[in-house]
1. When you go through S197, S209, S217 one by one, which is the residue that is among the polar types (S, T, N, Q) and under 20 Å from L288 (Cα atoms)?
2. Just one of the numbered conditions (1) modelled with pLDDT of 95 or more; (2) over 16 Å from S318 (Cα atoms); (3) in a loop (DSSP other than H, G, I, E, B) is not true of A110; which one?
3. With respect to the numbered conditions (1) modelled with pLDDT under 85; (2) more than 16 Å from the ligand (Cβ to nearest atom); (3) of a type in the set (S, T, N, Q), which one is the sole condition not fulfilled by Q88?
4. Would it be correct to say that E184 is in contact with a Pro (Cβ under 8 Å, 6 or more places away or on another chain), buried (at least 17 other Cβ atoms within 10 Å of the Cβ), modelled with pLDDT of 95 or more and farther than 14 Å from S248 by Cβ?
5. Select from the range 288-315 the residues that are out of contact with any Asp or Glu (no Cβ under 8 Å at 6 or more places or on another chain) and within 16 Å of the ligand (Cβ to nearest atom) and write down the one among them that is farthest from D15 (Cα to Cα).
6. Which of the residues belonging to the range 4-36 are acidic (D, E) and surrounded by 20 or more Cβ atoms within 10 Å (Cβ to Cβ)?
7. In the range 28-49, how many are part of a helix (DSSP H, G or I) and under 15 Å from V120 (Cβ atoms)?
Amino acid sequence: MEPVNPSSMQAIDCDIHPAVPSTRALLPYLDEYWREHILRRGLEADNLELSAFPVNADLNSRPDWRPARGIPGSDFDLLRSQVLEPFQSRFAICNVLHGAQAMFSEDLSAALCRAINRWVAAEWLDRDPRLRASIVVPPHSADLAAEEIDRCASDPRFVQVLMLELTELPLGRRQNWPIYAAAERHGLPVGIHAGSSFRHPPSGLGWPSFYLEDYVSFAPGFGAVLNSLVTEGVFVKFPKLKVVLIESGVTWLPAYLWRIDKTWRGVRAETPWVDRLPSEIIREHVRLTIQPFDEPPEQSQVQTLIEQIGSDEMLLFSTDYPHWHFDGIEAMPNGLPPDLIKKILIDNPLATYPRLS
Ligand code: ZN
């Protein structure tokens, strides 16, 4: 089967990464108090990048997509010529990854997130009608995060709330529930992107020594995220909430669903609110972006994988521009039937993000 060119169908790209070029770029978008505070501390000299790998490593950007100057993803014209035009994207959702979400000061975190949301609206969304964005929130202060969601939600171009996978508390804990309440209230899915605010080691074994250990540990972390959201009853409390796992990979899901269903059967008496198979709850409420797609070597195995997941509604098209996972125009895995391709490129994103309709 030939690779599918998503441009033929005007796909919806659910994960691109505009990058804040420097903290100086945020100064006009900060409240006056915080602008003065940041200048007094000299924080504008640091770009506060949230890095899980070396900033100059190839993983941050394919060499053929790296700009001549500046951080990959920080140039609007390049983004337009490298991803919006080649893919003829109907919409592309900007997920800004930034150290604002890792700050220990809850107030500084909230101030920077607010500035980022103003910056992305003015510098990106205003420049191209195909762009949409996720609301960056201070994850360790649910009340301030909910305030920011309420503030941004009046702009329909914000279509999602952006969280990181590994935070101070497991994401299902009820201290986080004001975030889910605000998201549900405004019809916004919660996107959970690979990444950490580094409150805890990425695995239970303790702090790793190398980027390799840290980065690879993100994959099993997504299973822990689902354990927490399902078991704490988030989807019982917020029945309309959708969660999108972004950059989680895909092939781990069938084995994970098997394990959580099997174990739930044995211990379900302790969580009677989880009143059906966890896999059913996950199929209803959880979606996954397809870059990186840890594609099996044989095309026929891709079809088997989709059958094992047990749903054709869970996968969402994404390019992950400009990160290494970005496969250029060949962003779709081979071996998918045409009706499933259309669902991944268009129908599933539209069903997940009501604000795109
Ligand atoms: Zn991404």
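The values are calculated or read from the model by the stated rules, or taken from the named source; none is laboratory data. This is a predicted model, so every value here is computed, not measured. Methodologically, a virtual Cβ is constructed for each residue, glycine included, from the backbone with ideal geometry; neighbour enumeration extends over all protein chains shown.
1. Values: S197 fails: under 20 Å from L288 (Cα atoms); S209 fails: under 20 Å from L288 (Cα atoms).
Every option except S217 fails the conditions.
2. The one condition A110 does not meet is (3).
3. Answer for Q88: the failing condition is (1).
4. Working: in contact with a Pro (Cβ under 8 Å, 6 or more places away or on another chain): no; buried (at least 17 other Cβ atoms within 10 Å of the Cβ): yes; modelled with pLDDT of 95 or more: yes; farther than 14 Å from S248 by Cβ: yes.
For E184, the condition - in contact with a Pro (Cβ under 8 Å, 6 or more places away or on another chain), buried (at least 17 other Cβ atoms within 10 Å of the Cβ), modelled with pLDDT of 95 or more and farther than 14 Å from S248 by Cβ - is not met.
5. Going through the qualifying residues, I end up with D294.
6. Step one: list which residues in the range 4-36 are acidic (D, E), which gives 13, 15, 31-32, 36.
D13, D15, listed by residue number.
7. Kept after step one, since they are part of a helix (DSSP H, G or I), are these residues of the range 28-49: 28-29, 32-41, 43-45.
Those still in the list that are under 15 Å from V120 (Cβ atoms) too: 28-29.
Residues meeting the conditions: 2.
Yes or no, residue by residue, for (1) in contact with a helix residue (DSSP H, G or I) (Cβ under 8 Å, 6 or more places away or on another chain); (2) under 30 Å from P67 (Cα atoms):
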residue: V286; (1), (2): yes, no
residue: Q291; (1), (2): no, yes
residue: P296; (1), (2): yes, no
residue: I309; (1), (2): yes, no
residue: F317; (1), (2): yes, yes
residue: H323; (1), (2): yes, yes
